[in-house]
Amino acid sequence: MDTSEFGAEPSATSPSSPCLTSSTTSSGLIERRSIDYIPESERHGNLGSQFTLWLGANLQVTAVVTGALAVVLGGDVFWSLIGLLIGQILGGAVMALHGAQGPQLGLPQMISSRVQFGVYGAILPLVLVCIMYVGFSAGGMVLSGQALSHLMGIDNSSAILLFSGLVIMLATLGYRTIHFMGRVSSVIGVVAFLYLFANLLQGQDLGALLQNRRFDVSHFLLAVSLSASWQIAYGPYVADYSRYLPRSTSAIKTFLAVGVGSVLGSQISMVFGVFAAALAGSQFAGHEVSFIVDLGATGVVAAFLYLMIILGKLTITTLNAYGSVMSVAAILTGLGGQRTISGRTKFFFIVVMVGLSTALALAAGQHDFLKKFSAFLLFLLAFLTPWSAINLVDYYFVTKERYDVPALFDPNGRYGRWNVKGLAVYVVGVAVQMPFIATSFYTGAWVEALGGVDISWIVGLVVPAVIYYFAGSKANVPQALILPDKATHAES
């Protein structure tokens, strides 16, 4: 374990820096920073914590449910597994490219959107991302409530409220505690899934199950879309959890640590979901938590499996809550011309965002959860993929990692209030997907002609990426990366 993840916060340097005006120098476990730049003197941690965070965040029951959908909605086992793996790799590459920005910029992910959209213009994707966080957290709370309810012998509503309180506490403690949670949940998750696989597949003819191959394009692409959307959905906050790493940290190694951890964890969970749905059928669908725990042979093992479910969901829901507050802070500071928010304001919005998710979870309950979650997850892509495409093309190909970090906090600075080109490409990126979307929320006009196949996420990545590459302006790009704690920094 990297002990540098805990203990006193290092004191901030460069007091004259415009981004270091918040009270971030006091010691203690509670993180003092919000969206402001992390100076070199406060960087800590290692790549191992990135791997375990994303491994643990994905060894969880909602990923199991997502994998099961590939079979529940009509796919066979063999091609569902292949499709899920392809989607993991494609989507995991996108999210890991975002994660590699953290050590270089020392900023939460969505702040960098001000380069592409302007200080005010970035509020549009920020608002949409906040809505998505609330939806994901609500879905997770439904399943977490089931686990806590059984473990503690309380009703579902009380269990959801208790779980929400834990999320608020952990999100308030912040970065160090979140990474510690990742290490704990990764260890418990690996042990638990080894046990679950052994019990689920005991006495089963795995070869016969895999031999049942009925390739269908629509079901295959559904599996790809499910896992790709799962990974891409992390994009708006993945750098939030790598921004404290030393700037000397290799971008390639960061990419691999984040990407491999996320892909490995989610694929393990989704493979289990595929097998569970294929072998158990209606006994699994709609009864995911009880099915998993019933694989435990004794009361102690059952309690351990409940704990695994709760810890996995606690880790990812805390990520959602923390990320949502980073996004809210980016909105507030963009509108108010501030560079950070106070600890009290940060705590207030943690409570607000978790409270919204809790209210939704209590109202929605668990009826028809699989279908609702599938529709939400796929529709989510229409708003996430264009942002990812624009952000990545700008960072790696247009500006080539040369950002003016202090200017990100100045509406009158280099990036201005609005970037009309970036916003126009984003709107086009969302609009161009509409004919190809197939969900219960909305079905595009060209879906039927394509045999019901949803290829919107592919269109949403490729089209805005190409347009922005040619439309993005290189005239306003600094000669080198400009950081608050140094006048300039030579280009890597």
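Taken together, the values in this text are just the output of simple stated rules run on the coordinates, not laboratory data. None of the values given here were measured: they were computed from a predicted structure. Cβ placement follows ideal geometry from the backbone for every residue including glycine, while neighbour counts extend to all protein chains displayed.
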Cα-Cα pairs of the range 407-452 separated by more than 12 Å (percent)
69 percent
With +1 on each Lys and Arg Cβ and -1 on each Asp and Glu Cβ, and nothing else charged, work out how big the dipole of the chain is about its Cα centre, in Debye to the nearest 20.
860 debye
Based on other C-beta atoms within 10 Å, arrange Phe409, Phe193, Phe376 from fewest to most.
Phe376, Phe193, Phe409
Helix 420-431: inclination vs the chain longest Cα principal axis, degrees, rounded to 10, gives 10 degrees
As an exercise, take the mean of 1/r over every pair of distinct alpha carbons in the range 375-492, invert it, and state the Kirkwood radius in angstroms.
15.8 Å
Along the dipole axis of the range 45-489 (charges at Cβ: +1 for Lys and Arg, -1 for Asp and Glu; origin at the Cα centre), the most positive-end residue among Ala93, Val300, Gly444 is Ala93
Relative contact order as a percentage, the range 97-166, C-alpha pairs under 8 Å and 6+ apart, gives 17 percent
Using just the Cα positions, wrap the range 45-489 in a convex hull and report its mean projected area in square nanometres, one decimal place.
20.1 nm²
What helix-only [θ] at 222 nm does the chain give? Using -39500 (n - 2.57) per DSSP H run of at least 4, over all residues, to the nearest 500, the answer is -21000 deg cm²/dmol
Using the Kirkwood radius over Cα pairs, work out the Stokes-Einstein diffusion coefficient for the range 87-155 at 25 °C and 0.890 mPa s, in µm²/s as a whole number.
164 µm²/s
I need Lys400, Lys346 ordered by Cβ neighbour count within 10 Å, fewest first.
Lys400, Lys346
Which residue, chosen from Gly139, Phe51, Val115, occupies the Cα position most advanced towards the positive end of the dipole of the range 45-489, where the dipole is computed from +1 (Lys, Arg) and -1 (Asp, Glu) charges on Cβ about the Cα centre?
Val115
Given Ile310, Val477, Ala363, which one lies farthest toward the positive end of the charge dipole of the chain, if we put +1 on the Cβ of every Lys and Arg and -1 on the Cβ of every Asp and Glu?
Val477
Could you derive backbone 3J(HN,Hα) for the range 273-280 from the dihedral phi with the Karplus parameters 6.51, -1.76 and 1.60 (θ = phi - 60°), listing whole Hz in sequence and x where the residue is Gly or Pro?
x, 4, 5, 5, 5, 6, 8, 9
Largest-first principal axis extents, alpha carbons of the range 167-306, Å
51, 43, 24
For the range 72-85, in order, what is each residue's ³J(HN,Hα) by Karplus, 6.51 cos²θ - 1.76 cosθ + 1.60 with θ = phi - 60°, in whole Hz (x at glycine and Pro)?
4, 8, x, x, 8, 5, 4, 6, 5, 4, 5, x, 4, 5
Amide H within-cut-off set for Ser34, under 5 Å, with H built and near neighbours excluded
Ile341
Whole-percent tail of the Cα-Cα distance distribution for the range 184-238, cut at 18 Å, equals 65 percent
Exposure proxy order (Cβ contacts within 10 Å, fewest to most) of Met181, Met434, Met95, Met152:
Met152, Met434, Met181, Met95
Per residue and in cubic angstrom, what volume does the convex hull of the Cα atoms of the range 199-279 have?
135 Å³
Here the range 116-126 yields Karplus 3J(HN,Hα) values (6.51, -1.76, 1.60; θ = phi - 60°; whole Hz; Gly and Pro given as x) of 7, 10, x, 4, 7, x, 5, 5, 4, x, 4
Given H placed on each backbone N at 1.01 Å, which residues far from Asp404 in sequence or on other chains put an amide H within less than 5 Å of it?
Ile482
Which angle between 0 and 90 degrees, to the nearest 10, do you get for helix 299-336 versus the longest principal axis of the chain when only C-alpha atoms count?
30 degrees
Mean separation of Cα contacts under 8 Å (6+ apart) over length of the chain, as relative contact order %:
28 percent
Based on alpha-carbon atoms only, what is the radius of gyration of the range 161-217 relative to the globular estimate 2.2 N^0.38 Å?
1.87
